[in-house]
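Since the structure comes first, as structure tokens, the remarks are kept for the end.
The values are calculated or read from the model by the stated rules, or taken from the named source; none is laboratory data. Here the structure is a predicted model, which means the values were calculated and not measured. With ideal geometry, Cβ positions are generated from the backbone for all residues, glycine too; neighbour counts draw on all protein chains shown.
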Amino acid sequence: MTSPVTHVQLFATCLVDQFYPSVALAAVRLLERLGLAVEVPRDLTCCGQPAFNGGFQAEARAMARRTLDVLSRSDNPIVVPSGSCADMVVHRYPELMAGDPAYADKAARVASRTYELSQFIVDVLGVTAVGATGHGKVAYHSSCHTQRGLGVREQPLRLLAGVNSVACRPLPESEACCGFGGLFAVKMADISGALLGRKLDDIEASGAEIVVGTDVSCLMHIGGGLRRRRSAVRVSHLAEILAPPEET
Amino acid sequence: MSREAADFHARVRIAVRDRHLQAALASATSRLADARLHALESLPSADALRDHARRIRAHTIGALDTYLEEFARRAADHGARVHWARTSADATRLVVEIARAAGARLAVKSKSMVSEEIALNEALEAAGVRVVETDLGEFIVQLAGDRPSHIIVPVVHRTSADVAALFRAKLGARDEDVADIPMMTAFARRTLRREFLRADIGISGANFAVAETGSVTVVTNEGNGRLSTTAPRVHVALVGIERIVPTAEDLGVMLQLLARSATGQKLSVYTNIITGPRRPAGGAEGPSDGGEPDGPDELHIVLVDNGRSRILAGPSAEILYCIRCGACLNGCPVYRTIGGHAYGGVYPGPIGSVFAPARSEAAHPSPLPHASSLCGACREVCPVRIDIPSLLLTLRAQPAMVRSAPRWLRVGMAGYAFVATRPWLYRLAARLARAYTRRRSKDGWLTRLPGPLSAWTAHRDFPALASRSFTEIWAARRPR
Amino acid sequence: MMADARGHVLADVRRALRGARLPEAALSHPGSFGGCPEAPAPGDAVLIARFGAELEALCGAMHLVSSIADAARAAVEIVERHEARRVLAWSERWLGCPGLLATLEQAGVQVTAIDLGADAAIRRVQLEDIEPVVVGVTGAEAGLADTGSLVLVSGPGRSRLASLLPPVHIAVLSQARVFPTLPAFLAARPGVMAEGSNLVLVTGPSRTADIEMTLTHGVHGPREVHVIVVP
């Protein structure tokens, strides 16, 4: 690393922005606690992954170009509280923009400074103990794009291990897909539902009170399933576990 | 929705509700997946070996015509008759002709995926040749008039009780013959022995075909791959044109990965490498050489295209690197949930979800490329690191596939892109969605979504949008 | 007709390759795999021990003997244990155990060699004749230590069926021919694959787990594999 990082941009992502704003707020508090100044670029919407996964390349490219324009206004590293969105920017944007001379370079540069939140804290800042305190038994669900797309497996676990008073329970088959898969959850609902059922059974077996993850997409799906089962277990994004409490 | 898609969804629904199937799949796939991990751990430099294997496959496929020619030449040098089949119909016609010329009435078969692709058994039966599958799983499938549900363990979906009933009904087995699994296996062995030793023709597939020597490799655990290619006078080997490997050394690399990836064995029990029919007298050993004592007198190798060159020309060409180990099936959460039959074709699982649509000229695009959450487990376990998720995405992006998406989705996606690239419109749309969900929600959750989105709420609740978006909260806190 | 088909398939492949979008463009052959650690030389005691351990893990059996005479005795013992009165065997020249066949004959065991006729009817009769034989005796081209495998090459005096048809297979393997791995063997014996019409790697007894993933031995091939390792 050359000079230490002082400023980062936060790309909240569409699901966090609209459904779970507390996750982005927690990410900001966390990053500020770690000594960073957080910029939130104006006019960020969606990275385009739903369109891309659905095969709608033109729509995906349109959203990718817009996002790249916004994220290029600053040279600061981009932190994303979502592994799948970070993976989209890091791996798929360069592919999507490969044939576009105006954006190929931009995509490569943005990709090179985009990180999922836990990846940024552990790999870039070199921090595993963020000084958080929690309580309860948590189990970590490993999201597919985070672990297999970005290769981020250990970082969330190390951060959780550094939280006082939190007991981390192993989740059986923690690396197994929860069945969200984007539009897959609707298009292939029977399969998605079966995979969800298996994930919920594993969660029950773990004895955890909170399921933690890096992706609200998975958490929305798992949370919806837990709610349907009238389970007392709740879901939480990693940022919410690690962040200092809100100042009142 | 197309007929094919509707049928697929119907099969999925059946599979998901089949408790026995679910248990069998969970058990089999996790055992095979664990065994694979264990076997790769025992291989020094497994990762580097996989990279090397991929490079061999990439190089070979990139020069496929050259290697096919070399293979055919060398095979002919050793006395094999090499035939070329462009289509499924060409391939079946060739094999039927070979069988007729040999006066064959009985054929024994060791497993061949290509033979399933071309529906060879039906064609032979129609030509008056009785065909007996000799792989135990395939034999059971054949008796049941069923289809295999896994490329490595074809009857993972059947219980031993099923098999006992089948042997009683179709083969006249007595109770003591089917008392337990070893007894059933011994019964099958006795039954199939008679067929092996009376068969006029043996038909096999080929796991690999070595260009340098003109050899075909048949890998089995049971020995049927050896017996069916040794006892009958005529052997026909069906070889998909992508099965070529350049050299014996390259074959060694592939063999180190194949069984480990498939079942966790270091090597399958029988790795059978065939180079020509049995060598006649007067060979290299000199005048006292009496020739080989056994083996077929005729070896026919049928090189089958059947859509592979079409795949090669297209964006899914990487799928031709596949060595048919089945590791992707064992790692796939979708396969594990729906089993092989639901896929509806010869190849299930991730490999099938690319191979079948890529090869097909069907009017209606296959639903299979969308039957994936893109979790990436398949890519992780593939011995030659095929990027199946990317291949699925490419298939999804093909114009015919996009056109076949339901109207609500095409309109919705275009609308979403329009809105998401105009932040003011995005904020407006979000407010409308928020109002909608908050009105219909209870304690922040909806139990029913409208129209096609109801598929979500069939299995889980849906959250209402937050009362204020992060963007709004941030703008209020940090006025500019 | 055949020439046309060949031409068509090759033309289709060439046409496809011209426009192909393979992930790795025009990759040259990667050469040999250099990632293997240093291995002991063929015949090393470490390899013999490893070979035995791997074979045993597969439910095969290794019999390490210190002389040819002991090898012959070990073979007779196995034959007698199975009360076999007849064996299918390779010719003496290829067994790697001079006197073994004579020892068997002295013990009252009939030694049969296979020589299948070209005529289908004769072949059938011959196969039916040898089908009930319980023990097959062969030599071996090599052993592979890391997998416990035998390498058997077909040729005059070396039938395929001797190691396949009978339920018990006895193979005589010379210590010096035990290689660390398959790649090591192939590197040491270039051209071996095409020496006979058949080269088979036999890795333990025949098996299946097709029914309920339950392991059973002796499906179509032998259910017992005995490897007598001679100096």
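Residues being part of a loop (DSSP other than H, G, I, E, B) and crowded, with 24+ Cβ neighbours inside 10 Å are entirely absent from the range B:176-194.
Scanning the range C:25-42 for residues that are modelled with pLDDT under 90, surrounded by 15 or more Cβ atoms within 10 Å (Cβ to Cβ) and more than 19 Å from residue B:247 (Cβ to Cβ) yields one hit, C:39.
Go through the residues of the range B:220-241 one by one and say whether even a single one is of a type outside the set (Asp, Glu), farther than 29 Å from residue C:159 by Cβ and more than 9 Å from chain C (Cβ to nearest Cβ). Talk me through it step by step, then tell me what you get.
If we filter the range B:220-241 for residues that are of a type outside the set (Asp, Glu), which is where we start, we get B:220-221, B:223-241.
From the residues that got through so far, the ones that are farther than 29 Å from residue C:159 by Cβ too are B:240-241.
If we keep only those that are more than 9 Å from chain C (Cβ to nearest Cβ) too, we end up with B:240.
Yes, the range B:220-241 contains a residue that is of a type outside the set (Asp, Glu), farther than 29 Å from residue C:159 by Cβ and more than 9 Å from chain C (Cβ to nearest Cβ).
In the range A:144-167, the residues that are on the phi > 0 side of the Ramachandran plot form Cβ pairs under 9 Å with partners that are crowded, with 21+ Cβ neighbours inside 10 Å, at six or more places apart or across chains, as follows: A:151/A:119. Assessment of the range C:184-197 against the conditions (more than 28 Å from residue B:78 (Cα to Cα) and either more than 8 Å from chain B (Cβ to nearest Cβ) or not acidic (Asp, Glu) (or both)) yields no matching residue. Once the range B:210-229 is narrowed to residues that are without any contact (Cβ under 8 Å) to a residue 60 or more places away in the chain and not hydrophobic (A, V, I, L, M, F, W, C), the residue that is farthest from residue B:298 (Cα to Cα) is B:221. Restricted to the range A:120-146, and to residues there that are polar (S, T, N, Q) and crowded, with 22+ Cβ neighbours inside 10 Å, the residue that is nearest to residue B:390 (Cα to Cα) is A:146.
Taking the conditions (1) among the hydrophobic types (A, V, I, L, M, F, W, C); (2) closer than 19 Å to residue A:23 by Cα; (3) within 7 Å of chain B (Cβ to nearest Cβ); (4) free of Cβ contacts under 8 Å to residues at least 40 places away in the same chain in turn, residue A:177 satisfies each one other than (2). Can you find, within the range C:158-167, the residue that is surrounded by the fewest Cβ atoms within 10 Å (Cβ to Cβ) among those that are more than 7 Å from chain B (Cβ to nearest Cβ) and part of a loop (DSSP other than H, G, I, E, B)? Filtering the range C:158-167 for residues that are more than 7 Å from chain B (Cβ to nearest Cβ) and part of a loop (DSSP other than H, G, I, E, B), the one surrounded by the fewest Cβ atoms within 10 Å (Cβ to Cβ) comes out as C:167. Where strands (runs of 3 or more DSSP E) fall entirely within the range A:158-248, those with at least 2 residues that are outside the structural domain of residue A:33 (by TED's automatic domain parsing) and surrounded by 23 or more Cβ atoms within 10 Å (Cβ to Cβ) are at A:210-213, A:234-237. Does residue C:47 count as in contact with a helix residue (DSSP H, G or I) (Cβ under 6 Å, 6 or more places away or on another chain), part of a helix (DSSP H, G or I) and either farther than 21 Å from residue C:196 by Cα or within 9 Å of chain B (Cβ to nearest Cβ) (or both)? Considered against the rule, which asks whether it is in contact with a helix residue (DSSP H, G or I) (Cβ under 6 Å, 6 or more places away or on another chain), part of a helix (DSSP H, G or I) and either farther than 21 Å from residue C:196 by Cα or within 9 Å of chain B (Cβ to nearest Cβ) (or both), residue C:47 comes out as no.
Taking the conditions (1) free of Cβ contacts under 8 Å to residues at least 12 places away in the same chain; (2) hydrophobic (A, V, I, L, M, F, W, C); (3) over 30 Å from residue B:352 (Cα atoms) in turn, residue B:411 satisfies each one other than (3). The residues on offer are B:119, B:161, B:144, and the sole one that is within 23 Å of residue B:86 (Cβ to Cβ) and not charged (D, E, K, R) is B:119.
Do any helices (runs of 4 or more DSSP H) lying entirely in the range B:50-150 carry at least 2 residues that are touching a strand residue (DSSP E or B) at 6+ places or on another chain (Cβ under 9 Å), facing chain C (nearest Cβ under 9 Å) and not polar (S, T, N, Q), and which ones are they?
Numbers: elements: B:64-77, B:88-101, B:113-117, B:120-126, B:136-144.
Ranges flagged: B:64-77, B:88-101, B:136-144.
Can you name the residue in the range B:406-424 that is among the small types (Gly, Ala, Ser) and surrounded by fewer than 20 Cβ atoms within 10 Å (Cβ to Cβ) and is also farthest from the chain's Cα centre (by Cα) among such residues? It comes out as B:415. Residues in the range B:434-480 that are small (Gly, Ala, Ser) and either surrounded by 14 or more Cβ atoms within 10 Å (Cβ to Cβ) or part of a loop (DSSP other than H, G, I, E, B) (or both): B:441, B:444, B:455, B:458, B:464, B:466, B:467, B:469, B:475.
Residue-wise test of (1) closer than 27 Å to residue B:201 by Cβ; (2) crowded, with 19+ Cβ neighbours inside 10 Å.
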site	(1), (2)
C:109	no, yes
C:113	yes, no
C:117	yes, no
C:186	no, yes
C:201	yes, yes
C:204	no, yes
C:208	yes, yes
